[in-house]
Amino acid sequence: MSDEGERLTELAKRRGFFLQSANAYGGVSGFYTYGPQGAALKDNVEDAWRDRYVTREGHMEISAPDVMPEAVFEASGHLDGFDDMIIECPECGESHRADHLVEDNTDIEEAESISTDEIADLIADHDLVCPTCGTELAGEPVDDFNLMFETNIGPGSSSPGYLRPETAQGIFVEFPQLAEYARNQLPFGVAQIGKAYRNEISPRKSLIRVREFTQAELEHFIDPETDEPPLERVEDVTVPLYSVAEQESEDGSVQERTIREAVDEGIIGDEWVAFYLGLSKAWYERIGVDMDRFRYRQHLPGELAHYAADCWDAESELGGDWVEITGFAYRGDYDLKKHESHSGEDYTVFKQYDEPVTVERPTVDPDMSVLGPEFGGAAGDIGAELESLVERDPDAFDGDTVTVVVDGEEYTVDIEATGYSVEEVTESGEHIRPHVVEPSFGVGRLVYTVLAHAHTTDEVDGEERSYLALPPEVAPTTVGVFPLMDKDGLGERAREVASDLRGAGLEVTYDDSGAIGRRYRRQDEVGTPFCVTVDYETQEDGTVTVRERDTTAQQRVAIDDLGETLTALRDGDLSFDEL
Ligand code: GAP
């Protein structure tokens, strides 16, 4: 683990951000418990996400089950293809993620996009060894390992279920009903914040690769023919882009472009994806991601998910590595089509035209009194195939005969017997299957990034100070309230102040132990942006000292104005200098 990772893990455990769970039983890799500080920070990040991607965009939010029946994941493709590459050590039996071994020990990046055979060759060519026991891994097979956690629904094993590997499927599977809630009006978005589970081969880097984690996903359903993103809202936003071309070029680098430039130059292929990259940049800044340690990286062709037409990851730099914190994908109609064909339900929406339109519609009406005697038992299937063919390829009916294939056998039917005609019909609308644009955020990775990027050291009163420069909106606690000393009524007054501030809806902690300087340091270390001290002057004039974390500057504020002032400071409606 990097120095940054070690420092963060130590702080996280000591001060209650996160810790490996079930430590009393030796712990189990890939599962973490968020402590009081971490749970509050995570909640605040989720609230900021909800505010940005649900409330302010006018989307819906749902909460689907974590366990879903097998059929859902047969349809989504996860049962067949949600695999990582595994290699097992012949000596100690430890399993490792084969592509990560290659990435960690060679100059190769994004090895996930390489085939299993090539990874096996690279392991042999580079003489890679088992990280646990040092045994040579050359010649060992590299296999696919499915990441789904399986369970049984109810007693017995007749009804297998799976823990969802992404929250998205809980949205896709309910699409027909969700479209009703949206009154069948495209575009509309459905969001979900919830747990996802992946049986990672080798969980690592604390919260970064775990087996149970929280995702915040938005599925934005659009009509690909007519719906355009409101690009004008973000077109002037400058974004750091690491495109495929730059990644493949020898001296390629991150390029700064406005969203408009990136679309016009064809760097970002899809305008909806461009919209979400532009919208998200300000949000990352809002929750405290350091923009000097941030980039958007385009997926390499071999890395693209089977369903994705264009995909970019938001990445943050952590301990010298670039880590994906969000995936932005254009998923087309892949998911809805799959659920439609597997379930037999209708996953389209009916799109009403402004005016009814009259169209020519080729149809057939097979004459079974001719087909029956001529083709016997195959006549029914031939009739059905003619009906399907006229929709797929009306030109096939241009000649005197039509040829159809049923069960691999060709049948030629006289055009008269097909009942082919072209009718004029008036239509009020059409059924369309929406396409999906998906920003998918990993909340744990965001929390980890925000903590790592917030960590700052400086010198105060000749001593080194370490603090978390968290934005007040996401800091676990907004205000620390202290009495200068717990005597002469200062303690009672400070407890009253703390209680009033809680009543005003602020996250408050009360601390009366130790020297005041130590209490400040304790709050600095967990990122509390403001501290309030009740002192002897308070008794005289009803004011308290308010101290800002980052500058350590202090101002006196009347107790009567305290709730309003601190709320305005937290919400960014007032700066400390303006006090
Ligand atoms: N629905 C699309 C989807 O799930 P993904 O790129 O596999 O896409 C989205 O995951 C986000 O979930 C990632 O950007 C990452 O932040 C987070 N994530 C994925 N696997 C994770 C893991 N094992 N541990 C922690 N976070 C993970």
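The values are calculated or read from the model by the stated rules, or taken from the named source; none is laboratory data. It should be emphasised that the depicted structure is a prediction, and the values quoted were computed from it without experimental measurement. Using ideal geometry, Cβ is built from the backbone for each residue, glycine included, and neighbour counts are taken over all protein chains shown. These accessible areas exclude ligands, DNA and RNA; they are computed on the full protein's heavy atoms, side chains included. Shrake-Rupley method; radii C 1.70, N 1.55, O 1.52, S 1.80 Å.
Quick rundown of the values:
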item	result
Subset of the stretch 230-249 that is in contact with a Leu (Cβ under 9 Å, 6 or more places away or on another chain) and hydrophobic (A, V, I, L, M, F, W, C) - its residue that is farthest from residue 107 (Cα to Cα)	234
Breaking point among (1) part of a loop (DSSP other than H, G, I, E, B); (2) open to solvent by 10 Å² or more (accessible area, probe 1.4 Å); (3) not charged (D, E, K, R), for residue 162	(1)
Filtered residues of the stretch 512-534 (kept if in contact with a helix residue (DSSP H, G or I) (Cβ under 7 Å, 6 or more places away or on another chain) and open to solvent by less than 20 Å² (accessible area, probe 1.4 Å))	526, 527, 530, 531, 532, 533, 534
Some residue of the stretch 101-119 being under 23 Å from the mean Cα position of the chain (by Cα), acidic (Asp, Glu), at pLDDT 95 or above and in a helix (DSSP H, G or I)	no
Hey, residue 122 open to solvent by 20 Å² or more (accessible area, probe 1.4 Å) and part of a helix (DSSP H, G or I) or not	yes
Filter result for the condition that a residue is within 16 Å of the ligand (Cβ to nearest atom), of a type outside the set (Ser, Thr, Tyr) and open to solvent by less than 10 Å² (accessible area, probe 1.4 Å), over 451, 470, 501, 490	451
Selection within the stretch 555-577 - more than 13 Å from residue 500 (Cβ to Cβ) and loosely packed, with under 13 Cβ neighbours inside 10 Å	571, 572, 573, 575, 577
Test: residue 294 is farther than 21 Å from residue 50 by Cα, assigned by TED's automatic domain parsing to the domain that holds residue 187 and either modelled with pLDDT of 95 or more or buried (at least 21 other Cβ atoms within 10 Å of the Cβ) (or both)	yes
Which listed residue, of 551, 538, 545, is open to solvent by 70 Å² or more (accessible area, probe 1.4 Å) and either in contact (Cβ under 8 Å) with a residue 24 or more places away in the chain or in contact with a helix residue (DSSP H, G or I) (Cβ under 9 Å, 6 or more places away or on another chain) (or both)	551
Test result for residue 340, at pLDDT 95 or above and not in a loop (DSSP other than H, G, I, E, B)	yes
Selection count, the stretch 405-419, where residues are open to solvent by 70 Å² or more (accessible area, probe 1.4 Å) and in a loop (DSSP other than H, G, I, E, B)	2
Matching residues, the stretch 420-442, being surrounded by 11 or more Cβ atoms within 10 Å (Cβ to Cβ), of a type outside the set (Val, Ile, Thr) and in contact with a Lys or Arg (Cβ under 9 Å, 6 or more places away or on another chain)	427, 429, 430, 433, 435, 438
Residue match in the stretch 93-112 (condition: in contact with a Gly (Cβ under 9 Å, 6 or more places away or on another chain) and more than 30 Å from residue 339 (Cα to Cα))	yes
Members of the stretch 282-318 found to be within 16 Å of the ligand (Cβ to nearest atom) and in a helix (DSSP H, G or I), listed by number	283, 284, 287, 293, 302, 303
Test result for residue 462, outside the structural domain of residue 506 (by TED's automatic domain parsing) and either open to solvent by less than 10 Å² (accessible area, probe 1.4 Å) or within 13 Å of the ligand (Cβ to nearest atom) (or both)	no
Strands (runs of 3 or more DSSP E) (entirely within the stretch 174-276) containing at least 3 residues that are within 16 Å of the ligand (Cβ to nearest atom) and open to solvent by less than 50 Å² (accessible area, probe 1.4 Å)	188-197, 212-222
Positions within the stretch 422-442 being within 16 Å of the ligand (Cβ to nearest atom) and within 30 Å of residue 387 (Cα to Cα), in sequence order	435
Residue that is nearest to residue 38 (Cα to Cα) [pool: residues in the stretch 1-26 that are under 25 Å from the mean Cα position of the chain (by Cα) and aromatic (Phe, Trp, Tyr)]	17
Condition check for residue 150: charged (D, E, K, R), touching a strand residue (DSSP E or B) at 6+ places or on another chain (Cβ under 9 Å), away from the ligand (no atom under 16 Å from the Cβ) and modelled with pLDDT of 95 or more	yes
The listed residue being of a type in the set (D, E, K, R), touching a Lys or Arg at 6+ places or on another chain (Cβ under 8 Å) and assigned by TED's automatic domain parsing to the domain that holds residue 308, out of 236, 270	236
Matching helices (runs of 4 or more DSSP H) fully within the stretch 1-97 where at least 1 residues are open to solvent by 40 Å² or more (accessible area, probe 1.4 Å) and within 23 Å of residue 178 (Cα to Cα)	36-50, 70-76
Flag if residue 445 is surrounded by 13 or more Cβ atoms within 10 Å (Cβ to Cβ) and either within 16 Å of the ligand (Cβ to nearest atom) or under 22 Å from residue 370 (Cα atoms) (or both)	yes
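Quick grid of which residues meet (1) buried (at least 19 other Cβ atoms within 10 Å of the Cβ); (2) within 16 Å of the ligand (Cβ to nearest atom):
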{"site": "322", "(1), (2)": "no, yes"}
{"site": "328", "(1), (2)": "yes, yes"}
{"site": "336", "(1), (2)": "yes, yes"}
{"site": "346", "(1), (2)": "no, no"}
{"site": "349", "(1), (2)": "yes, no"}
{"site": "355", "(1), (2)": "no, no"}
{"site": "365", "(1), (2)": "no, no"}
